[in-house]
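The values are calculated or read from the model by the stated rules, or taken from the named source; none is laboratory data. None of these values were measured; they are calculated from a predicted model. Note that each Cβ is placed from the backbone with ideal geometry, even for glycine, and that neighbours are counted across all protein chains shown. Surface areas here come from the heavy atoms of the whole protein model, side chains and all, with no ligands, DNA or RNA. Shrake-Rupley method; radii C 1.70, N 1.55, O 1.52, S 1.80 Å.
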Amino acid sequence: MYAYIHLALTWILFLALFPISFLWLRKAYRIAVKKDYSLVAMKRGVPAPNPRKFIVPEIILHTVAALLVIYALYGVIVGGWHYNEWTALAGSAIWCKILFSFVIARHAHPPKPKAKKGGKASVGKASTKLKQA
């Protein structure tokens, strides 16, 4: 029973590497060649306010991650890599891409400053609450 689950998950991971690498290369191509800056440093579906600042890191990130996944595929198909080798490379590439995309998106979307409340009125309310307690 365990062998069948392990085999199924291995095939799912292996077959998922093809569309993952395609989508990442397509995104890098659309940003670099087609100049589609709406895909740069997205956070919750919203592109960065200044996407031109983050073009190069996004292109490098997507290209390197996709090439690492393609290299893992090549190692399985042509090189006959062992399970631990290609899953380590592919898994590391996927997780690093996810984490670095998160970091770039958060850096591109700085937090909005919180508005300060009116000075003496809020202090007075706080001091009266303290006196009542």
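The table below lists the values:
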item: Flag for ILE59 being over 18 Å from LEU99 (Cα atoms) and surrounded by 17 or more Cβ atoms within 10 Å (Cβ to Cβ); result: no
item: Any hit, the stretch 73-86, residues being closer than 30 Å to LEU7 by Cα, modelled with pLDDT of 90 or more, open to solvent by 90 Å² or more (accessible area, probe 1.4 Å) and of a type in the set (Val, Ile, Thr); result: yes
item: Criterion (open to solvent by less than 80 Å² (accessible area, probe 1.4 Å) and closer than 24 Å to HIS107 by Cβ) met by exactly one of SER21, SER92; result: SER92
item: Test for LYS35: is it basic (Lys, Arg), touching a residue at least 12 places away in the same chain (Cβ under 8 Å) and either within 19 Å of LYS97 (Cα to Cα) or open to solvent by 90 Å² or more (accessible area, probe 1.4 Å) (or both); result: no
